[in-house]
Amino acid sequence: MQVASTISQAHALFDVLPRPLGFVPTMGALHEGHLALVRRARAESVAVAASVFVNPLQFAPGEDLARYPRDAEGDRAKLAQAGVDVLFAPSPAAMYPPDFSTSVDTGAIADVFEGAIRPGHFRGVTTVVCKLLNVVRPDVLYLGQKDAQQTAILRRMIRDLEIPTSITVVPTERESDGLAMSSRNAYLSPEEREAAPSLHHALQAVRLAMASGRSKSDAIAAGRTRLHPLAQLDYLDVVDANSFNPIDTISPPAFVIGAARFGTTRLLDNLWIE
Ligand code: AMP
């Protein structure tokens with residue numbers, strides 16, 4: 001695996017890779033969820049690129065940027081082992097010189113749910129992914145269903161801006177008790193770790209209740225009863241998969257989405273309804 005840490009090194013390496021080129025952007029602290037994306041890219045592409053970059057633009061002041069888990073060496077070993085050809089691992093200074101001032105804004109879809117709780121978060125995500133796509137120029141971008149709103153927003157950006165990259169969405173990898181794998185799971189205390197799968201159970205209860213014809217408010221109430229007392233719910237809802245507008249009856253494609261805090265750790269999860 002070759003590693004680029006500056007934009008010019010990246011261009012030199014990416015420009016000569018054979019095609020199709022699959023690309024997996026990450027913030028590192030890699031787990032099996034990330035590696036599922038890499039494996040899918042490896043199976044479907046001639047060349048595979050990955051990035052590890054903890055993007056300061058998508059963290060608000062007071063969020064966990066400084067303590068976000070980092071494991072540069074472990075990440076490199078895992079990506080090399082999984083068959084990545086080129087890793088792009090830039091510093092913040094390489095991505096954002098002092099006079100960097102452009103941002104990419106996808107409008108209302110970025111202002112609801114995660115966007116309402118974390119104002120500006122998705123603008124940071126779309127800006128960095130737009131820049132990464134211009135550096136890597138992949139044929140296929142591999143994204144996780146785990147971050148369903150992010151995936152819908154990036155799909156919108158790519159469509160609206162005619163970026164010549166297609167998206168492949170990879171299902172969520174879970175621990176054996178149902179907890180969606182996440183780099184932030186490392187923050188959980190043993191008690192919080194035990195409580196955390198209840199978010200997944202709540203989503204399952206909502207989906208089941210909706211599928212058996214109960215009203216959305218009944219279904220959400222059924223979901224809430226499955227949450228562990230340690231869980232502080234930010235939202236639990238059923239949304240259209242493309243617009244992220246709440247919907248009252250299941251009309252696929254849709255998601256049951258949820259976010260909850262366990263102590264100081266916020267976890268997200270969702271279930272696809274088709
Ligand atoms: P992150 O490092 O959290 O920015 O995630 C990088 C990519 O990995 C995103 O496309 C995520 O949606 C995806 N991802 C994160 N967790 C999982 C998971 N448990 N299963 C599948 N994909 C995931």
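Sort the stretch 143-274 into rounded, prolate or oblate with this rule: let a ≥ b ≥ c be the square roots of the eigenvalues of the Cα gyration tensor; rounded if a/c is under 1.5, and if a/c is not under 1.5, prolate when a/b is larger than b/c, oblate otherwise.
Judged from the Cα gyration tensor, the stretch 143-274 comes out oblate (a/c at least 1.5, b/c at or above a/b).
Between V46 and L233, 0.36 nm times their residue separation minus their Cα-Cα distance comes to what?
Result: 63.1 nm gained on full extension.
Place a point 7 Å from the Cα of A60 along the Cα-to-Cβ direction; which residues of the stretch 112-136 have their backbone N under 18 Å from it?
112-127
What FRET efficiency comes out for A80 versus T6 if R0 is 22 angstrom and r is the Cβ-Cβ distance? Round to the nearest 0.05.
My answer for the efficiency is 0.65.
At a threshold of 8 angstrom on Cα-Cα distance, excluding pairs fewer than six apart, so keeping six or more, what relative contact order does the stretch 88-245 reach in percent?
Reported relative contact order: 17 percent.
Can you give me the long-range amide H partners of M27? Hydrogens built in the peptide plane at 1.01 Å from N, cutoff under 5 Å, separation of 5 or more residues or another chain.
F53
Just in the stretch 1-68: which trypsin sites (Lys or Arg not before Pro) are loop by DSSP and have at most 13 other Cβ atoms within 10 Å?
R67
Using mean Cβ contacts within 10 Å as the protection proxy, how do 155-162, 126-133 order, highest first?
Final packing ranking: 126-133, 155-162.
Can you list the DSSP H helices in the chain whose Cα atoms extend at least 20 Å along the helix axis and whose mean Kyte-Doolittle hydropathy is 1.0 or higher?
Answer set is 121-136.
Report the local net charge at A148: Lys and Arg +1, Asp and Glu -1, summed over other residues whose C-beta lies under 14 Å from its C-beta.
Local charge sum for A148: -2.
Restricting to the chain, what percent of DSSP beta bridges are antiparallel, rounded to 5?
Counting DSSP beta bridges with both partners in the chain, the antiparallel share is about 50 percent.
FYI, it's all coordinate maths here, none of it is from the lab. Owing to the predicted nature of the structure, the values given are computational and were not obtained by experimental measurement. Positions of Cβ are generated from backbone atoms using ideal geometry, with glycine treated the same way; all protein chains shown enter the neighbour counts.
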